[in-house]
Amino acid sequence: MAQSVRFVSVLPLASAATTGQSDAVTLTSTTVPTRAAWTVAAVSFLAILAAAGFRAVPGVLMTPLHHEFGWSHATVGLAMSVNMTLFGVTAPFAAALMDRFGVRPVLTVALGLITAGSALSVRMTTGWQLVACWGVLVGIGTGCISMGFVATVATRWFDERRGLVTGVLTAASATGQLIFLPLVAEVATRHGWRWACLIVAAAAFAVIAPVLVVMRHHPPAQTAAPTNGFRSALDGLVIGARVPVFWLLAGSFAICGMTTNGLIGTHFIPAAGDHGMPTTVAAGLLATIGVLDVAGTVCSGWLTDRVDPRLLLTVYYIGRGISLMLLPSLLSPHADPGTWVFIVFYGLDWVATVPPTIALCRDYFGDRSPVVFGWVFAAHQVGAAVAAAAAGWLRDLQGNYDLAFQLAAGLCAVAAALCFSVRKLQVRTA
């Protein structure tokens, strides 16, 4: 007989979602075949990894695009700002559309958009084409395969190991960075930036086949009632907006986006270049963050199953703020020990915030948590978009990124205070 794990179906939190006054959530259980659950998780990992390939492109190609087209840091930052905004805004609608049409078709279309946006960018010659390819097409595609998708898979297919699975799937993004960053940097240096874009397009296209063959919408023991995709997404925003914890989580996660994808993910390589560090060395350091992020995120998922998520988030943001404050003094032409201290700490902390944030959303919003978390993640990406554009503007204005890093450090202190303010919710199992 096949082994099984419990699947938890969380009842709608009417009172908690509307008034924020409920003190408990009632959970009911059923079973899910272990093999099916882990197979879906494995394919989800591949899809997230492929989507993450594009995250390796902007920082590496910023300088080559500047040399060929004369585009400033602000121009490339604008394209990434559009990308990150759509990446975030798409997430809640994608989660709702997965409820309406199923995971497989939405995931397939998303991978197709990433393939098209990356491949078409080799023909671009003007700034608006950069925004269209990198910003719009890739932004929408990657937004469908973001943390809202992670929450959907973890909530539907897992119970006792949800935190661990959330950590592993979140780490897929970092694994993609680990794989693609050195490759993209090397190919761009030796053969030009266009070949680097084609590699990302090929990776996204290659995952479409396993998604079509393996991916399933929900466990065999469960049935999913069709919903109105857009209406469900907007209802998720309304439900979340009525609860104070939503704004605390959305605000802190916006700062998370500012200090990861928006600032470090987009601008670390050119910032290191300002201190004389070669692009390939800086790309290697950023890839190392991806290596450590896998361990940090999986560990964070494990801790989330055992430690108060509010305390974890508070510690994560405080540590991140300290590291950003010190970063300008740690960069140099070579990877000195001080630089490695930053890389190690930031790698462990990069998206360690995701499992405890999803856990808090699940506690407060039950079976609506994937869509509600989609809006929390939208705030993350809006924050990332602001930082991507603003940091590029500050670099063009001042000639360095020092002020951008200092402002980000201060915002991390704000995020820690927001997370510490979340009221603990007691969960009662049936």
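The values are calculated or read from the model by the stated rules, or taken from the named source; none is laboratory data. Since we're looking at a predicted model, the values are computed, not measured. Virtual Cβ from ideal backbone geometry, glycine too; neighbours counted across all protein chains shown.
A few points about this structure:
- From the list TYR346, TYR364, the lone residue that is surrounded by 22 or more Cβ atoms within 10 Å (Cβ to Cβ), closer than 26 Å to PRO278 by Cα and of a type outside the set (A, V, I, L, M) is TYR346.
- Test: residue in region 134-149 that is surrounded by fewer than 21 Cβ atoms within 10 Å (Cβ to Cβ), outside any loop (DSSP other than H, G, I, E, B), in contact with a Leu (Cβ under 9 Å, 6 or more places away or on another chain) and among the polar types (S, T, N, Q): no
- Screening VAL371, VAL376 for residues that are surrounded by 24 or more Cβ atoms within 10 Å (Cβ to Cβ), among the β-branched types (Val, Ile, Thr), in a helix (DSSP H, G or I) and under 14 Å from the mean Cα position of the chain (by Cα) leaves exactly one candidate, VAL376.
- Checked against (1) farther than 30 Å from ASP159 by Cβ; (2) in contact (Cβ under 8 Å) with a residue 12 or more places away in the chain; (3) of a type in the set (Ser, Thr, Tyr); (4) part of a helix (DSSP H, G or I), THR357 meets all criteria but (1).
Residue by residue, here is whether (1) surrounded by fewer than 23 Cβ atoms within 10 Å (Cβ to Cβ); (2) within 14 Å of the chain's Cα centre (by Cα) holds:
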| position | (1), (2) |
| --- | --- |
| ALA36 | yes, no |
| ILE48 | no, yes |
| ALA51 | no, yes |
| VAL60 | no, no |
| HIS67 | yes, no |
| VAL76 | no, no |
| ALA79 | no, no |
| VAL82 | yes, no |
| LEU86 | yes, yes |
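- Number of residues in region 317-348 that are assigned to a helix (DSSP H, G or I), in contact (Cβ under 8 Å) with a residue 24 or more places away in the chain, small (Gly, Ala, Ser) and closer than 18 Å to ASP402 by Cβ: the value is 2.
- Test: residue in region 300-319 that is under 18 Å from ALA387 (Cβ atoms) and at pLDDT 90 or above: yes
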